[in-house]
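Asker: Provided herewith is a single structure, encoded as C-alpha cells, for subsequent inquiry.
The values are calculated or read from the model by the stated rules, or taken from the named source; none is laboratory data. Predicted model, so just to flag it, every value in this text is computed and none were measured. Ideal geometry is used to build each Cβ from the backbone, glycine not excepted, and the neighbour counts take in all protein chains shown. Heavy atoms of the whole protein, side chains included, go into the accessibility calculation; ligands, DNA and RNA do not. Shrake-Rupley method; radii C 1.70, N 1.55, O 1.52, S 1.80 Å.
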Amino acid sequence: MASTAILWLRSDLRLHDHPALTAAVAGHDRVVPLFVVDDRLLGGGRFPSGPRAAFLRGSLADLDAGLRERGAALVVRHGRPEDVVPALAAQTGAAEVLWTSDVSPFARGRDRAVTVALEAAGVGASPHPGTYCADVSVPRTKAGRPMTVFTPFRRAQQELPRRAVLDAPAALRLPDGLDAGALPGGPALGDELPDPFCVPGETAGRAAMAAWLDGPVDRYAARHDDLTGGSSGLSPHLRFGCISARELEQRATERGGEGPDAFVRQLAWRDFYAHVLLLHPGNARLEFQPRYRGLEWDEDPGLLEAWTTGRTGYPLVDAGMRQLAATGWMHNRARMVVGSFLTKDLHLDWRAGEAWFARMLLDGEPAQNNGNWQWIASTGVDPAPYFRRIFNPVLQQTKFDPDGEYVRRWVPELRDVPAARLAEPWAMTGEEQAACGCVIGRDYPAPVVDHAIERRVTMERFRAVAPSA
C-alpha cells in the first residue's frame with residue numbers, strides 16, 4: 001500500500017542537502033511539503049520583522065517553483081502548527097511527519113506541542129538534523145557540562161561525525177487531489193527595505209555560495225574585517241536554510257587554505273551559539289553570567305533613537321546603523337562597533353539592541369543574535385575582560401575603514417570631509433566645516449556622548465557588580 005509523509009518546513013527552505021526531505025522520499029511514496037503560516041512569527045511574536053517576513057515570502061516562492069519542477073508543490077496552511085499539522089496528516093492519511101530540528105526555546109516548545117498532538121493521533125513524529133554543521137547537542141566539558149568557551153567547543157566540534165551531503169530529489173509526488181493553498185501574500189521584498197541586501201530563495205543562495213567558494217573565500221582570513229568587502233554575505237540564506245551549513249562547511253574544507261579554514265571557523269561560531277541556547281534557554285532573556293544581572297542600564301529613548309536612526313555623531317556607528325536600515329544587513333565588524341557603542345557608550349540595555357537587530361536583520365536568528373549581543377555586552381559565554389570589549393569608534397574607523405569608503409557610502413553628509421578629519425568630524429574648525437559643506441550640529445550631529453568619559457562610566461558600573469572581574 002502506498003504511504004504518505006508530511007515534510008514540515010520551517011527554516012530549512014531548500015531541496016539540496018535536506019536530511020528530512022531525503023528520508024521522507026526514501027521511506028514514502030508521496031510527500032507533502034508543508035509550510036504553516038503562523039501569525040506568531042509573521043506578524044507578532046517577540047521580535048516581528050517586516051524585512052524577514054518579506055525574505056521568507058520570496059524564499060517560499062522560490063521553493064515552490066523548485067518543487068513544481070519536480071512534480072509537486074509547496075502546500076501552505078494557516079494556523080497553529082499543533083492544530084494544522086495533525087489535521088493535514090488526517091486528511092492525507094500521512095503515517096509520519098518529518099522536520100528539521102531547531103534550538104530556540106520557541107521552536108522547541110512548538111515542536112513539543114506538535115509531537116504530542118501527532119502521538120495522540122497515532123502519527124509518527126520524526127525530527128532530523130540539517131540546520132548546523134554538526135550535532136550541537138553533543139559537546140561537553142570533561143566534567144560533563146555544556147561548553148561555554150568557544151575554543152574548546154571548536155576542538156570538540158571538529159571531532160564530531162559529519163553526515164554526508166545529500167542531493168536534491170529528482171522527483172516528488174503529492175497525494176492526488178490535494179489543494180496546495182496560496183503562498184503568503186504581502187508586500188514585495190523591495191517594499192520592505194530601500195536597498196535589500198540579497199535576493200531570497202535557494203536559487204539565489206546557491207548561486208551566491210558558488211560565487212563565494214569560487215575565489216573570494218581564499219581572501220577571507222586577510223579581509224574578513226574589511227568593511228567594504230571580505231564577507232561572504234551568505235548569512236540570510238543560512239538563517240532561512242536556503243543553503244546548508246553542512247554543505248558550505250564541506251565545500252570550503254575541500255577547497256582548503258587559510259581563507260577557507262578561517263571561514264569554516266566562523267561557521268563553528270554559529271554551531272557554538274546554537275549549543276549555548278539549546279542548553280541554556282534562559283539566555284534568551286537573561287545575562288548568561290549571573291554576576292552581571294545587576295548591571296545598571298540607563299533608559300533614554302532619545303539616545304536609543306539616535307542609535308537606531310544613525311544620528312549619534314560617530315560616523316562609523318551611524319554608517320552601520322544606516323546600512324542596516326537600508327539593506328537588512330550589516331558587516332560583522334560594524335555590528336561589534338555599534339553593539340559596543342550602545343552598551344558601553346550609551347549604557348543602554350543589550351536587550352534593546354538585540355530587539356532592534358531582530359526587527360531589522362534579514363539574518364536575525366535567536367541563537368546568533370543573542371550570543372553576539374551578550375558577547376559584545378560582556379555578559380555572555382566565552383568571557384573576556386569587559387574592558388577589552390569597549391570599542392573606540394574613532395579608532396575602529398581609522399583601522400577598518402581607513403579610506404572612508406564605508407562611511408562615505410552610508411553617511412553622505414560626510415562625503416566631502418577630508419580623510420584626516422572623517423573619523424572625528426567635530427574636530428574640524430569652522431572654516432573646514434564650511435569648506436566641505438558639513439556644519440556639525442546642522443548638517444551632521446555633534447557626538448551624543450564623549451567616548452572617553454563613557455568608557456570610565458562603564459568601567460565603574462562593571463566594577464560595582466563584579467569587583468574582581
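Asker: So, with a 1.4 angstrom probe, what is the percent of accessible area on the chain that is carbon and sulfur?
Answerer: Whole-percent figure for carbon plus sulfur exposure: 52.
Asker: In vacuo Debye scattering of the range 321-469, one point per C-alpha: log10 I(q)/I(0) at q = 0.12, 0.19 Å⁻¹?
Answerer: Results for the range 321-469 at q = 0.12, 0.19 Å⁻¹ read -0.57, -1.21.
Asker: Follow-up. Treat the chain as a sphere of radius equal to its Kirkwood radius over Cα pairs and apply Stokes-Einstein at 10 °C in a medium of 1.306 mPa s; give the translational diffusion coefficient in µm²/s, rounded to a whole number.
Answerer: Reported coefficient: 67 µm²/s.
Asker: Given Cα positions, please report Rg to Rh for the range 44-104, the hydrodynamic radius being the Kirkwood one.
Answerer: Ratio of gyration radius to Kirkwood radius for the range 44-104: 1.00.
Asker: What is the range 177-305 by shape, rounded, prolate or oblate, if you read a ≥ b ≥ c off the alpha carbon gyration tensor as root eigenvalues and call it rounded for a/c under 1.5, prolate for a/b larger than b/c, and oblate otherwise?
Answerer: oblate
Asker: Which shape class applies to the range 426-469: rounded if a/c is under 1.5, otherwise prolate when a/b exceeds b/c and oblate if not, where a ≥ b ≥ c are the square roots of the Cα gyration tensor eigenvalues? Display every interim value, and only then the final one.
Answerer: Values: a/c = 7.06, a/b = 4.28, b/c = 1.65.
The shape class here is prolate.
Asker: Is the range 228-368 best put as rounded, prolate or oblate by its Cα gyration tensor, with a ≥ b ≥ c the root eigenvalues, rounded for a/c under 1.5, and otherwise prolate when a/b is larger than b/c, oblate when not?
Answerer: It comes out oblate by the Cα gyration axes.
Asker: Same structure again: Add +1 for every Lys or Arg and -1 for every Asp or Glu among the other residues with Cβ under 14 Å from the Cβ of residue 349, and state the total.
Answerer: Result for the neighbourhood of residue 349: -2.
Asker: As a test of reading the structure, rank 14, 163, 293 by solvent-accessible area (1.4 Å probe, protein chains only), most first. Display every interim value, and only then the final one.
Answerer: On the way: 14 10, 163 55, 293 120 Å².
Largest accessible area first, the residues go 293, 163, 14.
Asker: Sticking with this one: Are there any helices in the chain, counted as whole DSSP H runs, that stretch 30 Å or more along their axis by Cα and score at least 0.0 on average by Kyte-Doolittle, and if so which? Could the numbers behind the result be given before it?
Answerer: Numbers: long enough: 258-279 (32 Å, 0.19).
Going by DSSP H runs, the hits are 258-279.
Asker: Continuing with the same structure: Gap in Å between the Cα centre of the range 199-227 and the Cα centre of the range 364-434?
Answerer: So the separation of the two Cα centres works out to 24 Å.
Asker: State the extension gain, in nm to one decimal, for the chain segment bounded by residue 442 and residue 210, taking 0.36 nm per residue of separation less the distance between their alpha-carbons.
Answerer: Value of the extension gain: 78.9 nm.
Asker: Roughly how many whole Å is it from the C-alpha centroid of the range 104-178 to that of the range 244-268?
Answerer: Going from one Cα centre to the other spans 20 Å.
Asker: Counting helices only, and only those DSSP H runs with n ≥ 4, report the 222 nm mean residue ellipticity of the chain as the sum of -39,500 (n - 2.57) divided by its residues, in deg cm²/dmol to the nearest 500. Please list the in-between numbers first.
Answerer: Values: 21 runs with 218 residues, N = 469.
Rounded to the nearest 500, the figure is -14000 deg cm²/dmol.
Asker: Write down the accessible area per residue of the chain in Å², having rolled a 1.4 Å probe over the full set of protein chains.
Answerer: Per residue, the chain has 41 Å² of solvent-accessible surface.
Asker: Mind ranking 413, 460, 159 by accessible surface for me, highest first, 1.4 Å probe?
Answerer: 159, 460, 413
Asker: May I pose another question? When the expected Rg is taken as 2.2 N^0.38 Å, what fraction or multiple of it is the alpha-carbon Rg of the range 32-183?
Answerer: 1.22
Asker: Rounded to whole Å and sorted largest first, list the principal axis extents of the Cα atoms in the range 110-182.
Answerer: For the range 110-182, the Cα extents along the three principal axes come out at 54, 34, 23 Å.
Asker: Under 11 Å from the Cβ of residue 125, count the other residues' Cβ atoms, weight Lys and Arg +1, Asp and Glu -1, and hand me the total.
Answerer: Combined, the nearby Lys, Arg, Asp and Glu give -2.
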